[in-house]
Amino acid sequence: MRAILTDLHEGRFDYVNLVAHMLQMRFEALHETDDIEQSIAFCMEAISLLPEVAAERRSACSHMAHTGLAVSYISRFEALGRLEDLNDSIAQYAMAVELGPQSDGNYCKSVSGLAATLAKRFEYLGTTDDLHRAVSVVRACLASLDEDDVQRITLTLTLADALEKSFNQSGSLPELEEAMDLYRAVIAVRAQEDHSEMVVAVANLATAHHSRYERLHEIDDLNSAINMNKVLLSLEENPGRPTVLNNLANALITRFEETGDQSDLKTSLSYYRDALNINRHNKVDHALALVSMASGLSKSFVSTSRIEDLDEATSYCHQAVSILADGHRHQLAAYDTLANILRQRYRFLGRIRDLEDALVYGRRYLASCRPQDSGRPSALASVADILLQRFHCFCLAGDLEQALNYRLEALKLCPPNHRRQFEYLYGLAFVVLEVYILYSANPDHLEAALENYKQALSLCPEGHCARPRTLSGLAASYSARFKRFQRIDDLETGICLLREAIALSAAPSDYSYFNDLAVDLSIRFDHLGEVADIKEAIALFARAKDSIPSVHPLQPRLDRHLASAYLKQAKIDSHPVLVSTAFSFFEASFYSPVSEPWTAVHTLTDWADAAQAHQRRVPFAAYSRAMELMEQSVAATPMANLQHEALMAAPEAWRTIAMDAAAIAIAAGHFSLAVELLERGRAILWTRLRGYRASLERLRDVNDPLATRFENVSKQLEILAFSRSIARNTLEPELHFDGMITSKRVVQEERETLLNEIRQLEGFEHFMRPVPYKALRCAAEGGPVVLINCSELRCDALILRDHEEPSPFLVQLPEATLSGLKELNQEFTKARGRDSSKQLVSVLRTLWKTVVQPIVMKLQALKVPHKTRIWWCPTSFLCNFPLHAAGMYTKLEPDANLPNLFISSYTPTLCALIQARIDKRPNAHDHIQALVIGHSTADLPAVEPEIAEIRALGPFVNTLVEEAATPLRVLGALQQHSYMHFACHAIQRQKPFESAFHLHDGELQLLDIVQARLPRADFAFLSACSTAVGDSVTPDEAIHLAAAMQFAGFRSVVGTLWKMADEDGPFVAREFYGHIFRAGAAAADYTDAAAALHGAVRALRKKDPQSISRWINFIHVGA
């Protein structure tokens, strides 16, 4: 063809332009990309030939060529989604309008094309100037035409379309009404003709009726949209049939959601399938039909709960994504639909992979939305909902914060009176209430939720399909406020709102309203004692259960609520069957395969309380399962610092479950089991991290390849655990973080598979399982270990006297209560670190009388010798107390002071103590090499003399001080020395994995230390502030610098509970090391550290007996 054209001279422009037009038409028919590429090339060549065209024809030909190029550009834009093609199309149309005289018959078509492409760019970018320009150029052109000019029809349709798009962005009803009037005007003109413009007008008017329904929720609009589309569907020749099928299906689905008519749902799905079959030849249209079909199946699932619907919908979305070019705007929109469907499937099946994928697709779509894009608010809302769901899984506070911020931004971006303003108000209210209930307990959040729900309700007049769920949300806010302030009016208001929601709704989601009303009625029964309330509550819970499948995630909560309701009724009717029924529901809820960890732990707590009240017993296996669920939930988060964050955000019942279980075991006389439960349910993070470094020597002797695989997987998990937090403020770090969560799950699943394989080997049946008492009692090999259990149920001590004792000895602590210890902890928090000793002495005396004295009496009864070394392993608030210093401190009772009776050490867990005693040092390095690390500041003038005291011990002492003491050098030196002394500033941060030693040119953080593997480490003295105290919310996790040193390999560590006095450093160092090295470096033994500290503290006490806070500050941890 091009060769033929080359030989032409006269009329060459006409032939080139004709070929361009033919290629464009063939592309529209066959959708071959090469055709549109060639069409654009020929159009550009035609423009280049314009100078050769006769002068009298040049203006018309210019207009024709630029319009043709504009059409080809927009065709390529529709196919490939490239924004530059849309911009080029607008530019060419603008050129055609500028060149073409208004008298030209094609001028109006160019104006219409320009307006249509401007409106399309508005849809793509959200730039309102484009829309205003489109409306302006069409109105100007219409004003220049006679009333009977046939060209007015096309322009009128273009103007109406632009006005409808403007309504979609602004929510301005007058614009929509004008657009509808314009469509009606076209229909009136073409009513007697079988004309394509009439078909377009009817189709667009039907869409406008649907849009007006979404704004005003008048059912007549929806019915009109359906009827108009049905008329269009009856036409024999209608090239827009696929679009009509899709629009009709959308309208029927909407009516189904309004009325619950199943026939509408069934018919809509058949129309979606018809559209899908028609659109197979056009890739873009076929992809859009696939997405529409998927969306329809997703909505069908809400009614049918057929998981096949979601599986099919997911498949359709994946097909659509694969068909479209990467980055195509419709591909990105398909991501949004896919994300919502995957989130839906996760909620039904609980497969974490679906939630992970949903977040990836949701973030991709959100990242593609510019701030001004009309689709951005919807994308923000979608990702916010997924993040909220992930928070329920992993308790990541960052997810909850981001979900709230996204919801706030979505509402801010939504113009006033926009048709989706209600959705964004409702979504924000829901998230804010979740933040209040699950995380903040901030009354401001509660009031904000109430206000947003009220605003959302104001947009839901009578008959609005969303009014029931909005009433339910508002009721939940009132119920939450009642629980906070105990105002009965709030509860009554919530109940009235829920009754109205149930009366208005006929949708399949009624079950949630039944549940919420039943919960509030049950609460009202507690306060007013109306028997009718609890009976109605039971009936509503049962009705809700019958409304959903047996595997629905709400079933466990309903079972838990029913159990509690039956117990309340049993208080009135005193029928044993009611109690038995209640306990069967507790068991069903707890063991349900779809029970979320939070629900399971809450159920167990209620179950245990009920069992105690009715002289029954919860199976101890249930506690083991609860702890396993808790471990799995925390472990699902990749990084250790975020795992701690999850524990901080988790319900208090999670953090006390081990102590409560142990209390019940003790009450039943199962003392050994109580020890096992405490060991398993405390220091969860350290236990899991130690598991990554478990010895595999015995396994290597049996199956070396299996041991290597297990070791490699454990190393991968350790690397993930010690990764640092990243700023999650753009797509790349967000996807990186989400990818870490996915990697953690995949590797963890591989590790579980390997564990199962290992446990099939003879002699490895219990490999990496919870440690039995028979092994735990080895912790007492060096002296008695005292576990102190603090629970709301009771407080006790269990003494492991030696490593061959068949069972621990029980010491009941009747004077100690959890509430009392909590008050004492508040008093101690105010007193610690102060120069005044009065308050501290009061705390130490109370501690002695309620906790320590009964234990001492038992130790003495067991003939434990005076000055014997003992280990404390406390729980709960007792982790914060200086048990080693408990006493009366009166001259009349010298034996009523623990330091006068025994030498104290601490251990966070029994396994940590056992591990500290394992000799792991290579024989080649059994001589002492000590290192002193010092970094003085203006407020630490005693660092230098402290270093001098230690340096004077001998040539085996090396130093890294001042400029030499950089974090990197210190980390390297840790590998080469067995004894370590830090003399510097330290800080225990609210995020404990960020706690650090202050060194020259930076910090040595806890996270840096735990990553080290120190084969030569024996002893570390942390002469710095607050190096052995954890946080107040999760004290049983013992995450502090001393514990980090122990995890890294140091078997014996001295640390501090609060800020130490700078001048005490040199004195304590001289006394301490004088004892350790009294017989020279060769005879030094790290197990002497506790006795050495005991002596040094005694000397400090003798030097300044009044400054109690200074000498009780030092503690010893480990072997």
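What about L290, is it assigned to a helix (DSSP H, G or I), open to solvent by less than 20 Å² (accessible area, probe 1.4 Å), more than 25 Å from I36 (Cα to Cα) and not β-branched (V, I, T)? No; evaluated as a whole, the condition is false for this residue.
Considering each residue of segment 108-126, count those that are modelled with pLDDT under 85 and either open to solvent by less than 50 Å² (accessible area, probe 1.4 Å) or closer than 20 Å to G68 by Cβ (or both), and give that number.
Let us first name the residues in segment 108-126 that are modelled with pLDDT under 85, namely 123-126.
Okay, now just the ones that are also either open to solvent by less than 50 Å² (accessible area, probe 1.4 Å) or closer than 20 Å to G68 by Cβ (or both), so 124-126.
The total comes to 3.
Scanning segment 872-883 for residues that are modelled with pLDDT of 95 or more, under 23 Å from I1108 (Cβ atoms) and hydrophobic (A, V, I, L, M, F, W, C) turns up W872, L883. Residue-level analysis places A663 among those that are touching a strand residue (DSSP E or B) at 6+ places or on another chain (Cβ under 7 Å) and assigned to a helix (DSSP H, G or I).
Of the residues that make up segment 619-630, is at least one basic (K, R), within 30 Å of Q716 (Cβ to Cβ) and open to solvent by 40 Å² or more (accessible area, probe 1.4 Å)? Checking segment 619-630: at least one residue is basic (K, R), within 30 Å of Q716 (Cβ to Cβ) and open to solvent by 40 Å² or more (accessible area, probe 1.4 Å). Answer yes or no: is there a residue in segment 101-122 that is of a type in the set (D, E, K, R) and within 26 Å of R184 (Cβ to Cβ). Within segment 101-122, one or more residues are of a type in the set (D, E, K, R) and within 26 Å of R184 (Cβ to Cβ).
Checking the conditions here, which among A1043, A1090 is open to solvent by less than 10 Å² (accessible area, probe 1.4 Å) and either in contact with a strand residue (DSSP E or B) (Cβ under 6 Å, 6 or more places away or on another chain) or polar (S, T, N, Q) (or both)? It would help to see each step written out before you state the result.
Values: A1043 fails: either in contact with a strand residue (DSSP E or B) (Cβ under 6 Å, 6 or more places away or on another chain) or polar (S, T, N, Q) (or both).
Answer to the check: A1090.
Of the residues making up segment 966-983, those that are open to solvent by 30 Å² or more (accessible area, probe 1.4 Å) and among the aliphatic types (A, V, I, L, M) are L968, L971.
For segment 1007-1019, the count of residues that are farther than 30 Å from S714 by Cα and either touching a Cys at 6+ places or on another chain (Cβ under 7 Å) or not aromatic (F, W, Y) (or both) is zero.
In segment 862-897, of all residues being hydroxyl-bearing (S, T, Y) and assigned to a loop (DSSP other than H, G, I, E, B), the one that is farthest from I914 (Cα to Cα) corresponds to T890.
Considering only segment 1068-1119, state which residues are within 30 Å of T909 (Cα to Cα), without any contact (Cβ under 8 Å) to a residue 12 or more places away in the chain and not in a helix (DSSP H, G or I). Correct list: D1085 only. Inclusion of T1034 among residues that are among the polar types (S, T, N, Q), within 32 Å of the chain's Cα centre (by Cα) and surrounded by 24 or more Cβ atoms within 10 Å (Cβ to Cβ) is not warranted. Among the conditions (1) modelled with pLDDT under 90; (2) surrounded by fewer than 20 Cβ atoms within 10 Å (Cβ to Cβ); (3) part of a helix (DSSP H, G or I), S633 misses just one, which is (2). Residues in segment 353-373 that are open to solvent by less than 40 Å² (accessible area, probe 1.4 Å), assigned to a helix (DSSP H, G or I) and at pLDDT below 90: S368 only. Quick check on segment 523-547: of everything there that is crowded, with 21+ Cβ neighbours inside 10 Å and under 31 Å from the mean Cα position of the chain (by Cα), which residue is nearest to R469 (Cα to Cα)? Selected residue: A544.
Pull up segment 394-411, narrow it to residues that are of a type in the set (A, V, I, L, M) and under 19 Å from G375 (Cβ atoms), then point me to the one that is surrounded by the most Cβ atoms within 10 Å (Cβ to Cβ). Please lay out each step first, then the result.
Within segment 394-411, the subset of a type in the set (A, V, I, L, M) is 396-397, 400, 403-404, 408, 410-411.
Narrowing the set further to residues that are under 19 Å from G375 (Cβ atoms) leaves 403, 408, 410-411.
Numbers: A403: 26, L408: 16, A410: 24, L411: 22.
Checked segment 394-411; the qualifying residue surrounded by the most Cβ atoms within 10 Å (Cβ to Cβ) is A403.
Within segment 789-801, identify whether any single residue is without any contact (Cβ under 8 Å) to a residue 12 or more places away in the chain and either part of a loop (DSSP other than H, G, I, E, B) or open to solvent by 60 Å² or more (accessible area, probe 1.4 Å) (or both), and answer yes or no.
Taking segment 789-801 and keeping what is without any contact (Cβ under 8 Å) to a residue 12 or more places away in the chain, we get none.
No, every residue in segment 789-801 fails to be without any contact (Cβ under 8 Å) to a residue 12 or more places away in the chain and either part of a loop (DSSP other than H, G, I, E, B) or open to solvent by 60 Å² or more (accessible area, probe 1.4 Å) (or both).
Condition check for R869 on (1) modelled with pLDDT under 95; (2) under 47 Å from the mean Cα position of the chain (by Cα); (3) not hydrophobic (A, V, I, L, M, F, W, C): one failure, at (1).
Residues are listed down the side, and each one gets a yes or a no for (1) closer than 30 Å to P174 by Cα; (2) within 25 Å of the chain's Cα centre (by Cα); (3) crowded, with 24+ Cβ neighbours inside 10 Å:
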residue	(1), (2), (3)
A441	no, yes, no
A448	no, yes, no
L471	yes, no, yes
S477	no, yes, yes
R481	no, no, no
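Listed here are the residues, each with its yes/no results for (1) aromatic (F, W, Y); (2) farther than 20 Å from I352 by Cβ; (3) in a helix (DSSP H, G or I).
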residue: W686; (1), (2), (3): yes, yes, yes
residue: R693; (1), (2), (3): no, yes, no
residue: L699; (1), (2), (3): no, yes, yes
residue: P733; (1), (2), (3): no, yes, yes
residue: F737; (1), (2), (3): yes, no, yes
residue: V747; (1), (2), (3): no, no, yes
residue: T753; (1), (2), (3): no, no, yes
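Does R376 qualify as being at pLDDT below 90 and surrounded by fewer than 20 Cβ atoms within 10 Å (Cβ to Cβ)? Answer is no for this residue. Identify the residue in segment 301-343 that is touching a residue at least 40 places away in the same chain (Cβ under 8 Å) and not in a helix (DSSP H, G or I) and, among all such residues, is surrounded by the fewest Cβ atoms within 10 Å (Cβ to Cβ). Checking each candidate, the answer is G327. Using beta carbons and a limit of 6 Å, which pairs, at least six apart or on different chains, have the first residue in segment 170-195 and within 17 Å of R419 (Cα to Cα) and surrounded by 18 or more Cβ atoms within 10 Å (Cβ to Cβ) and the second one at pLDDT 85 or above and among the aromatic types (F, W, Y)? So the pair list comes out as E175/F167; L176/F167.
Considering each of V1068, V1117 in turn, give the residue that is within 23 Å of Q976 (Cα to Cα), touching a helix residue (DSSP H, G or I) at 6+ places or on another chain (Cβ under 6 Å), surrounded by 24 or more Cβ atoms within 10 Å (Cβ to Cβ) and of a type in the set (V, I, T). Can you show your working first?
Values: V1068 fails: within 23 Å of Q976 (Cα to Cα).
One residue alone meets the criteria, V1117.
Looking across W686, W654, one residue alone is of a type in the set (A, V, I, L, M, F, W, C), over 17 Å from L787 (Cα atoms) and surrounded by 24 or more Cβ atoms within 10 Å (Cβ to Cβ). It is W654.
Somewhere in segment 219-241, is a residue open to solvent by 40 Å² or more (accessible area, probe 1.4 Å), in contact (Cβ under 8 Å) with a residue 60 or more places away in the chain and on the phi < 0 side of the Ramachandran plot?
Of all residues in segment 219-241, those open to solvent by 40 Å² or more (accessible area, probe 1.4 Å) come to 219-220, 223, 227-228, 230-231, 234-237, 239, 241.
Among the residues that remain, those that are also in contact (Cβ under 8 Å) with a residue 60 or more places away in the chain are: 219.
If we keep only those that are on the phi < 0 side of the Ramachandran plot as well, we get 219.
Yes, some residue in segment 219-241 is open to solvent by 40 Å² or more (accessible area, probe 1.4 Å), in contact (Cβ under 8 Å) with a residue 60 or more places away in the chain and on the phi < 0 side of the Ramachandran plot.
All of (1) touching a Cys at 6+ places or on another chain (Cβ under 8 Å); (2) open to solvent by 40 Å² or more (accessible area, probe 1.4 Å) hold for N250 with one exception: (1).
For residues in segment 257-272 being surrounded by 16 or more Cβ atoms within 10 Å (Cβ to Cβ) and among the hydroxyl-bearing types (S, T, Y), which is farthest from I226 (Cα to Cα)? Walk me through it before giving the result.
Applying the first criterion (surrounded by 16 or more Cβ atoms within 10 Å (Cβ to Cβ)) to segment 257-272 yields 257-258, 260, 264-265, 267-269, 271-272.
In the following step, the residues that additionally are among the hydroxyl-bearing types (S, T, Y) were identified as 267-268, 271-272.
Details: T267: 12, S268: 11, Y271: 12, Y272: 14 Å.
Of everything passing the filter in segment 257-272, Y272 is farthest from I226 (Cα to Cα).
Residue count for segment 526-545 satisfying the condition of being among the acidic types (D, E) and touching a residue at least 40 places away in the same chain (Cβ under 8 Å): 1.
The values are calculated or read from the model by the stated rules, or taken from the named source; none is laboratory data. Keep in mind that this is a model prediction, so the values were computed, not measured. Heads up, the Cβs are rebuilt from the backbone with ideal geometry, glycines too, and the neighbour counts pull from every protein chain shown. Accessible surface areas use protein heavy atoms only, side chains included; no ligands, DNA or RNA. Shrake-Rupley method; radii C 1.70, N 1.55, O 1.52, S 1.80 Å.
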